[in-house]
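What follows is a short report on a single structure.
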Amino acid sequence: MIPCPACGEELDVITAIYDTPYFGKLLITSISCKCGFRHSDSFSAEIKDPVRFTLKISEKTLFAKVVRSTSGTIRIPELGLALEPGPASQGFITNVEGVLVRFIDIVETARRWNSGDEEAVKRCDFILEKLKKAMDGSETLTLILEDPHGNSAIIDDSVFVEKMSEIEAKSLKSGLSIIDIAGRDFLSEELEKKEFREKK
């Protein structure tokens, strides 16, 4: 018996495995209760070789497809940005432009959280300028997608794909989603206080 977190009665649990494009086999779970409580989630049911995709962001690659599973980490190394998986992370399919928009939203949030820190605000403004220039094709950045379970991908003719070593795969972070801006840890306290989790 699994008790309902809202009323304590027994939950109805439904599970199924679906074979999906890009994400492979997914375990879909749905739980519900007579009181109205409902929750659903999906998890990858496959583990493949750890993989890294590297793509130069340019006007030509803005619409390259990006498939990020719940275990994927996305990096833009020139700006020190990393979007890491956490307990509430979800897989998504977008394009390079969509990834840039996600980072812009996150950095704008970080800027608001650190509005009293002049150095942090300047750093955020610098990153925002670079991201927006990348979106209009006037700045070349690198997009790296790493997945220890091999369920993520960047789909483009110019992408460089390589198998990661086990040591590299084990070094990938998990847990709370944290945005580290150029190695400067000025966001850590705010992220912990607000229990920041990836919502997109």
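The values are calculated or read from the model by the stated rules, or taken from the named source; none is laboratory data. Keep in mind the model is a prediction, meaning the values are calculated, not measured. Here the Cβ is made from the backbone with ideal geometry for all residues, glycine too, and neighbour counts use every protein chain on show. For the accessible areas, the whole protein counts, side chains as well, though only heavy atoms, and no ligand, DNA or RNA atoms are used. Shrake-Rupley method; radii C 1.70, N 1.55, O 1.52, S 1.80 Å.
What to note about this one:
- Quotient of the Cα radius of gyration of region 47-178 and 2.2 N^0.38 Å, N being its number of residues: 1.05.
- Relative contact order %, region 47-178, counting alpha carbon pairs below 8 Å whose residues are six or more apart: 50
- The shape of region 1-46 comes out prolate: with a ≥ b ≥ c from the C-alpha gyration tensor, a/c is at least 1.5 and a/b beats b/c.
- Sparsely packed chymotrypsin sites (Phe, Trp or Tyr not before Pro) within region 35-113, loop by DSSP, other Cβ within 10 Å at most 13: Phe63
- Kirkwood hydrodynamic radius (C-alpha pairs) into Stokes-Einstein, region 97-173, 4 °C and 1.567 mPa s, D in µm²/s: 88
- Over 28 Å between alpha carbons, listed pairs Lys60/Lys170; Lys65/Lys130; Lys65/Lys132; Lys25/Lys133; Lys56/Lys163: Lys60/Lys170; Lys25/Lys133
- Estimated from the Cβ-Cβ distance and a Förster radius of 35 angstrom, the FRET efficiency linking Ile93 and Cys7 is about 0.45.
- In Å², nearest 10: area of Lys122 left accessible to a 1.4 Å probe: 130
- Our estimate of slack between Asp117 and Glu46, defined as 0.36 nm per intervening residue step minus the Cα-Cα distance, is 21.2 nm.
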